[in-house]
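Structure, as structure tokens:
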Amino acid sequence: MSEREFNDDTVLVLAQGYRFQWEPAQNCNVLLYPEGMVKLNGGAGEIVKLISEKEQTVAEHIADLKAAFDGADLAEDVYLFLDEAYKNDWLRR
């Protein structure tokens, strides 16, 4: 795996031009941007919801998610999604 562009201490935010919302027609959370829409699965939606609502570090988001999901060990899954979202320019530092 290549080296990450961010770490536990990084604060990630939605990239300019992206908006997070629930889309009833799609029955899922989405990221809207001028050229289209990204449909998010349940876990991705929870991650992006936290990022859009709270300015905090990646580690703090992971701790919040862990608490919300009964202590589940989900750090690697969160990082896999964040890597993909960052690579696709949905998120920025």
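Just so it is clear, none of the values below were taken in a lab; they were calculated from the coordinates. This is a predicted model, so every value here is computed, not measured. All Cβ positions, glycine included, derive from the backbone under ideal geometry; neighbour counts span all protein chains shown.
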inquiry  = So if I place +1 on the C-beta of Lys and Arg and -1 on the C-beta of Asp and Glu, and nothing else carries charge, what would the dipole magnitude of the range 15-88 be about its Cα centre? I want it in debye, nearest 20.
reply    = 280
Per principal axis, descending, Cα span of the chain in whole Å = 32, 29, 25
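Expressed in nm to one decimal, what extension gain is obtained for the pair Asn7 and Tyr33 from 0.36 nm per residue of sequence separation less their Cα-Cα distance? Let's see the in-between values first.
Working: separation 26, 0.36 × 26 = 9.36 nm, distance 2.57 nm.
Computed gain between Asn7 and Tyr33 is 6.8 nm.
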ask   = Gain in length, Ala72 to Trp22, computed as 0.36 nm per residue apart minus the alpha-carbon separation, to one decimal in nm?
value = 15.5 nm
message = Looking at the chain as a GNM with Cα springs under 10 Å, which of Ala67, Ala44, Ala75 has the largest mean-square fluctuation?
response = Ala67
ask   = Going by how many other beta carbons lie within 10 Å of each one, how would you line up Arg19, Arg92, fewest first?
value = Arg19, Arg92
query = Using alpha carbons only, how many degrees (0 to 90, rounded to 10) separate the axis of helix 42-53 from the longest principal axis of the chain?
reply = 90
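Tell me the mean residue ellipticity at 222 nm calculated for the chain from its helices only (DSSP H runs of n ≥ 4, each -39500 (n - 2.57), averaged over every residue, nearest 500). Write down the numbers at each step before the final one.
Details: 3 runs with 36 residues, N = 93.
The helix contribution divided over the chain gives -12000 deg cm²/dmol.
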message = Under the rule that an exposed site lies in a DSSP loop and has at most 10 other Cβ atoms within 10 Å, name the longest stretch of the chain with no GluC sites (Glu not before Pro) of that kind, not counting the sites themselves.
response = 56-93
